[in-house]
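First the structure, in the form of structure tokens, and then the observations on it.
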Amino acid sequence: MASVDDLLREYQPVVRFDSHEAFFAHDVRAMADNAYFLLTRADQASAGSMIADRSGGLDLEFLAETDGKYPNGAVFVAGDHFGLSLSGPEQFADRIGDYRQMERELEPRWRNFVYGHGVGPQGERVTNADGEVWLQYWFFYIYNDAQFGGRVDLHEGDWEMVQFRLESGIPKAAVYAQHAYAEQQPWSAVDQDSSLHCPVVYSGRGSHASYFEAGLHRTFVKFNDGFLPLWWDAADGRGPEIRQQLVILDDDQLPGWARWAGHWGGTMPHLPPIDGESPQGPKQHGQWGHPAAFAAASISHEKQGLRDAPVVALRRSPPGLKLRFDFTGLPDPPDRLVITASAEGDAPVTETIVVDTLARGRIATRGPLDAGKAYTVDVSTISASGVPTSPAEKPVYLGPERAVSPGRLLEPLFAAWGALWLWIGARLARRVARPRSIVEPSGSPAAPLQTDAGAASEAEESSQTSSAPR
């Protein structure tokens, strides 16, 4: 009989990200090893007080409490946050560009991880496939960049998960977490990757919610005992396809960070319950110990195909790109552009640009692109009503910038010199064509030149012809 660890490896899914995705699933050290992160307290008695930072020994092991205390003797409180600034108009948690830059600069050794956990239907520990087993896969992201119809549900730190139910080693059902709820499908309805021979998860653009198929998905917010419709998630599945490095979490040997009950990130909600807050870790979620109950509470949602984005022209314009758009007459005009430039071997450069009420215009992006690299660029839009579109199926290809030769540097000078000679030539031509009279020194007109009759006749005819109105 196969062990639970073997089953976790066998059925580990592949994640198909959206073409605009800027954040990917990583090791928790993506945050823990960042020099800017702090361990702070957000309770009312000591709002925003710092418990530890890097100079005070803060690292991943610091979160391993002993008897409810941190290594420096500070007592753990449920409102503790491991993240950046918790308050203030310039809080880092609202500066999306900084997080995108942090993602691009992340050390390769912490990229693309997933945490596996095997458990029985009531949370009991299981070691083999005898009976009912739930296989869980937990994904950690440093930022949730949902970009719904406004600055809603944006938060530092993001835990997402999917789980599969097996009976005697045979998969029967799948449950994909989506915000504050989940969706369940029989195993036969789960997409299987033809080359990797494993289930497929479609990750929502920026929100990282897990879906069974690509497209446009209606989202909800939990309100009392029910759900209210919110905006839309896009998941086109045309971005990177990644099967992360698996780290198995055993309940008997959980690392300290996995037992920690604080919040992964420093974001506090601005507008509860719609706005986001940095989440707690996997063990603090109900499905960690009650996977069957989580599956029983699953719901369904409205699904649509993604519309194609309106055409946006673009070209290189150092340091980034220049875009030209015309949305005149569109029934649901965009108020945001989303641009993702990808170069082989590099993390993508994603920018969100608010065009608001502009119907047409030209925009230059700030994100620098390497002049020596080729890029593929995806452009889509988000309407004022919060509906995203899909980029063109074939991204725009931009080759490396050509080196500037000395000849090209002199081109403007040559052009100016040529224009000057054209001007001089035109002035001389007008002077030569101007009629002249021969004047004697005394100032009296000279007698007309004597010619033969034929010549005089031709001259007169020529004179009449040239003076005729045109």
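The values are calculated or read from the model by the stated rules, or taken from the named source; none is laboratory data. Please read all numbers here as calculations on a predicted model, not as lab measurements. Cβ: placed from backbone, ideal geometry, glycine included. Neighbour counts: every protein chain shown. Surface areas here come from the heavy atoms of the whole protein model, side chains and all, with no ligands, DNA or RNA. Shrake-Rupley method; radii C 1.70, N 1.55, O 1.52, S 1.80 Å.
Brief remarks follow.
- Based on protein heavy atoms only, the stretch 281-337 ends up with 52 Å² per residue of surface accessible to a 1.4 Å probe.
- Taking every protein chain into account, the accessible area of the stretch 342-387 amounts to 52 square angstrom per residue (probe 1.4 Å).
- Full extension of the segment from Leu246 to Leu422, taken as 0.36 nm per residue of separation minus the current Cα-Cα distance, would add 56.2 nm.
- For the stretch 199-239, accessible area per residue (1.4 Å probe, heavy atoms of protein chains only), Å²: 32 Å²
- Dipole of the stretch 251-392, positive end: most advanced residue of His285, Ser298, Thr376 [Cβ charges, Cα centre]: Thr376
- Using 0.36 nm per residue and subtracting the Cα-Cα separation, the extra length available between Gln185 and Val311 on full extension is 41.7 nm.
- Accessible area of the stretch 101-248 belonging to carbon and sulfur atoms, whole % at 1.4 Å probe: 48 percent
- Measuring against 32 Å, Cα to Cα, the residue pairs Lys172/Lys222; Lys303/Lys394; Lys172/Lys283; Lys222/Lys322; Lys222/Lys394 contain Lys222/Lys322; Lys222/Lys394 as the ones spanning a longer distance.
- Only protein atoms count toward the accessible area here, which uses a 1.4 Å probe; on the stretch 311-372, the carbon and sulfur part of that area reaches 51 percent.
- Charge sum, other residues only, whose C-beta stays under 15 Å from Pro13's C-beta, Lys/Arg counted +1 and Asp/Glu -1: -3
- Cα gyration tensor shape of the stretch 172-285, rounded if a/c is under 1.5, else prolate or oblate by comparing a/b with b/c: oblate
- Neighbours of Gly265 by Cβ distance under 10 Å: Lys/Arg scored +1, Asp/Glu scored -1, total -3.
- ³J(HN,Hα) computed for each position of the stretch 114-119 - Karplus, 6.51 cos²θ - 1.76 cosθ + 1.60, integer Hz, glycine/proline x: 9, 9, x, 8, x, 8
- Summarising the label geometry, the points placed 7 Å from Cα in the beta-carbon direction at Asn128 and Leu254 lie 2.6 nm from one another.
- Gain on full extension, evaluated as 0.36 nm per residue between Leu413 and Ala359 minus their Cα-Cα distance, stands at 15.6 nm.
- Net +/- balance of residues flanking Arg324 in space, Cβ distance below 14 Å, scoring K and R +1, D and E -1: +4
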